[in-house]
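K.L.:
Sharing a structure, written as structure tokens. Questions coming.
The values are calculated or read from the model by the stated rules, or taken from the named source; none is laboratory data. Since this is a predicted model, take the numbers as computed values, not measurements. Virtual Cβ from ideal backbone geometry, glycine too; neighbours counted across all protein chains shown. All accessible areas refer to the heavy atoms of the entire protein, side chains included, with ligands and DNA or RNA removed. Shrake-Rupley method; radii C 1.70, N 1.55, O 1.52, S 1.80 Å.
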Amino acid sequence: MATEMGCILLEDLKTTILSKRFEKPLEELAAITKGEAGPELVAFVKEAVTKSVTIISVEPPLVSTLVSLGLPVEETESSVLEELRTNKTQLMIEAGLVSSETEAREVVRRFALAAAEEKLREMSTSLDLHVIQSIQALDEVDKTINEFISRLREWYGLHFPELASYVSDPISYAKMTLAGERSRITSILKEMHLPEERGEKIISVSLRSKGGAMRPEDLEVIKTLGEEILRLNDLRSKLTKHVEDTMMKVAPNVSSMAGATVGARLISKAGGLNRLAQMPASTIQVLGAEKALFRAMRTGSRPPKHGVLFQHSEVHSAPKWERGRIARLIAGKIAIAARIDAYRGGEEPNLAGALKRRLEEIKAQPRKEPPPRKEEPRWPRRGRRRH
Amino acid sequence: MEEDATNQTIIWVEVNHSKWLATLSFAPGLSVYDEKIVKRRNVEFRVWNPFRSKLAAASLKGLHHLPLQRGSSVLYLGVSTGTTASHISDIIGGEGVLYGVEFAPRVAREFVEKVAKHRSNVVPIVEDARHHEKYKAIVSNVDVVYADIAQPDQTEISIRNCRSYLKPDGDMLLIVKTPSIDVTRSPEEIVQSESNKLVANDFHILQSINLEPFDSAHWLIHAKMKV
């Protein structure tokens, strides 16, 4: 039998004939759990054969490997294994692998600790964790930019309230605030290469502005805020690119079905590529709409048509009554794509074509807009409301 | 349980004018989750917060018999960051052993770093409790199985683990998080149906406790495996 410390060869399950400590127990046992036999174990079994035994029974996962090496082994029965496992500590002491029960327990614990740490290390090198972190960073940066922009519009609006209604793009607005005093906006507009007509419009508005005068120190702080927003915008582009690049490595098929950022959000919601790959398409369709889904399950109201998938361009650009079936179609393809990415790898060329064909079919037979819905829920309430 | 009893592993202490449970620290000087450490007769006790640990909540809500004592061996499924596990480690002491199973890497790391490394009676296992055969080599049979896994099939998973690792007449403490099982049924209904599953699998139920107000929609079922 193989233990954390080494191997024991037993006769009639009782008497130790041969025992040997592993030099590298972690590697040996890792091999055994994979159904392989490490070098030390093989050496041990070879030595055991010389002890004039006819057949050696070993733990089931080891049988095929050892048989392929031409060693006379058979599978230990499960009832016997159970017995061995129960008496393991005692057997280890008798075989001289450990001196006492306390030591045996300490050995098992040290082994488990090392194995757990190794496993955690292995798990945290996985690239999809970087996808999850970078997409969450991207969403947070987006949120921050939005908050800063609305603050900037309010604040700079004290000085030049009209500007906000002429410039809707937040980044352009932030650039313009770098001018400071509204009378100095001309040079900034030139730098930004705005269409001449729009530039002139803004300048003429600035001359008739109803905004109040502002102290230079206020303008200076506003300018710093504007600069910070532009810097955050750079970070945003970097993160977007990073998500795209990493997604191409981790999940090229999910990327091509869902787009890199939507795909990354799905992986993040699922908690990893492997977990996404294990989800049914119907779950993927509503990932990110958990609140609506559970409300629907509790009260029997209409379930959500889409969660994160709403951000998919094909879904949100479709008419409202078509979004459900498009989301369902895309979720199905993403489920297949995730499984390919997680278990096989490589790009699957047929997938994108299949999605495109089905989308065109749907668009070729548009449905009519349904009549407005009645207020009553269509289905009876399932189950009781929770308190 | 009395204040000042030095031979007890669980005592009442008074902190900030209110009474708390506290356990005799098995790793003095270390606080696992920022819990308060109090000294009584020069021995360190760690305050056991019922809002953080469901076992403490159950004790306060009238658990008749806590099946843990010095030297108990415990298989803990869903050990998470090890808050409750650290108190069980305190209670069972050096002769006891706690096998902590957790599969989520983020929390398992914290459990290994903050609890398992500093406590010689804690054995960490980073595996899925669904595949109990994977930790066969490490776990020997135990007196108590404590399961806190928020999964729809948590009762089935726990029963399979008990079959493999629980000693005859051993205790099972099962935390039932009802929304994880089914959001459409009432908590009482779910606890009843999970209890029925246990009974059908040769357990008998000693007690089931609603953990309100410490945790909402959480129950603890104390069951024994029939010999």
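K.L.:
Determine, yes or no, whether A:ALA318 is among the small types (Gly, Ala, Ser) and touching a residue at least 60 places away in the same chain (Cβ under 8 Å).
P.N.:
No, not satisfied.
K.L.:
Moving to a separate point now. Restricting to the range A:294-331, name every residue that is open to solvent by less than 50 Å² (accessible area, probe 1.4 Å), in a helix (DSSP H, G or I) and within 14 Å of chain B (Cβ to nearest Cβ).
P.N.:
A:ALA296, A:THR299
K.L.:
Looking at the range A:338-363, I want the residues that are more than 13 Å from A:PRO252 (Cα to Cα) and have a partner that is surrounded by 12 or more Cβ atoms within 10 Å (Cβ to Cβ) and of a type in the set (D, E, K, R) with Cβ atoms under 8 Å, at least 6 apart or on another chain. Which pairs are those?
P.N.:
Partner pairs satisfying both residue conditions: A:ALA354/A:LYS333; A:LEU355/A:LYS333; A:LEU359/A:GLU314; A:ILE362/A:GLU322; A:ILE362/A:ARG325.
K.L.:
Can you tell me which residue in the range B:101-133 is modelled with the lowest pLDDT, limited to those that are in a helix (DSSP H, G or I) and acidic (Asp, Glu)?
P.N.:
B:GLU133
K.L.:
Sticking with this structure for a sec: What are the residues in the range A:222-269 that are in contact (Cβ under 8 Å) with a residue 40 or more places away in the chain and among the small types (Gly, Ala, Ser), if any?
P.N.:
The answer is A:GLY226, A:ALA251, A:SER256, A:ALA258, A:GLY259, A:GLY263, A:ALA264, A:SER268.
K.L.:
Could you please tell me which pairs satisfy a Cβ distance under 7 Å, a separation of 6+ or placement on different chains, a first residue in the range A:155-184 that is touching a residue at least 24 places away in the same chain (Cβ under 8 Å), and a second residue that is part of a loop (DSSP other than H, G, I, E, B) and among the aromatic types (Phe, Trp, Tyr)?
P.N.:
Every condition considered, the pairs that remain are A:ARG182/A:PHE160.
K.L.:
Please work out which residue is nearest to the other protein chains (Cβ to nearest Cβ), limiting yourself to the range A:75-107 and to residues that are touching a helix residue (DSSP H, G or I) at 6+ places or on another chain (Cβ under 7 Å) and of a type in the set (Asp, Glu).
P.N.:
A:GLU101
K.L.:
Something else now. Considering only the range A:350-364, how many residues are over 23 Å from the mean Cα position of the chain (by Cα) and open to solvent by 40 Å² or more (accessible area, probe 1.4 Å)?
P.N.:
Total meeting the criteria: 8.
Here's the yes/no breakdown for (1) β-branched (Val, Ile, Thr); (2) closer than 17 Å to A:LEU97 by Cα:
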{"site": "A:MET1", "(1), (2)": "no, yes"}
{"site": "A:LEU9", "(1), (2)": "no, yes"}
{"site": "A:ASP12", "(1), (2)": "no, no"}
{"site": "A:VAL49", "(1), (2)": "yes, no"}
{"site": "A:LEU62", "(1), (2)": "no, no"}
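K.L.:
Quickly run through the range A:312-326 and pick out the residues that are in contact with a helix residue (DSSP H, G or I) (Cβ under 6 Å, 6 or more places away or on another chain), farther than 17 Å from A:GLY353 by Cα and of a type in the set (A, V, I, L, M, F, W, C).
P.N.:
A:VAL315, A:ALA318
K.L.:
Residues in the range B:113-133 that are closer than 21 Å to A:GLU103 by Cα and either within 9 Å of chain A (Cβ to nearest Cβ) or open to solvent by less than 40 Å² (accessible area, probe 1.4 Å) (or both): how many?
P.N.:
So the answer is 10.
K.L.:
Out of all the residues in the range A:113-128, which are open to solvent by 70 Å² or more (accessible area, probe 1.4 Å) and part of a helix (DSSP H, G or I)?
P.N.:
Correct list: A:GLU118, A:ARG121, A:GLU122.
K.L.:
Can you name every residue in the range A:108-148 that is away from chain B (no Cβ under 11 Å) and over 30 Å from A:LEU225 (Cα atoms)?
P.N.:
Result: A:LEU127, A:ASP128.
K.L.:
A further question on this structure: Looking at (1) touching a residue at least 60 places away in the same chain (Cβ under 8 Å); (2) within 42 Å of the chain's Cα centre (by Cα), which one does A:LEU219 not meet, given that it meets all the others?
P.N.:
Going through (1) touching a residue at least 60 places away in the same chain (Cβ under 8 Å); (2) within 42 Å of the chain's Cα centre (by Cα) one by one, A:LEU219 breaks only (2).
K.L.:
Do we find a residue being within 30 Å of B:HIS132 (Cβ to Cβ) and either within 14 Å of chain B (Cβ to nearest Cβ) or assigned to a helix (DSSP H, G or I) (or both) anywhere in the range A:164-174?
P.N.:
There is no residue in the range A:164-174 that is within 30 Å of B:HIS132 (Cβ to Cβ) and either within 14 Å of chain B (Cβ to nearest Cβ) or assigned to a helix (DSSP H, G or I) (or both).
K.L.:
In addition: Only one of (1) touching a Lys or Arg at 6+ places or on another chain (Cβ under 8 Å); (2) charged (D, E, K, R); (3) modelled with pLDDT of 95 or more fails for B:GLU3. Which number is that?
P.N.:
(3)
K.L.:
If we only count helices (runs of 4 or more DSSP H) wholly inside the range B:134-221, which ones have 1 or more residues that are free of Cβ contacts under 8 Å to residues at least 24 places away in the same chain and open to solvent by less than 70 Å² (accessible area, probe 1.4 Å)?
P.N.:
In the range B:134-221, the matching helices (runs of 4 or more DSSP H) lie at B:187-200.
K.L.:
If a residue must be of a type in the set (Asp, Glu) and within 20 Å of B:ALA137 (Cα to Cα), how many such residues does the range A:1-55 contain?
P.N.:
Residues in the range A:1-55 being of a type in the set (Asp, Glu) and within 20 Å of B:ALA137 (Cα to Cα): 6 in total.
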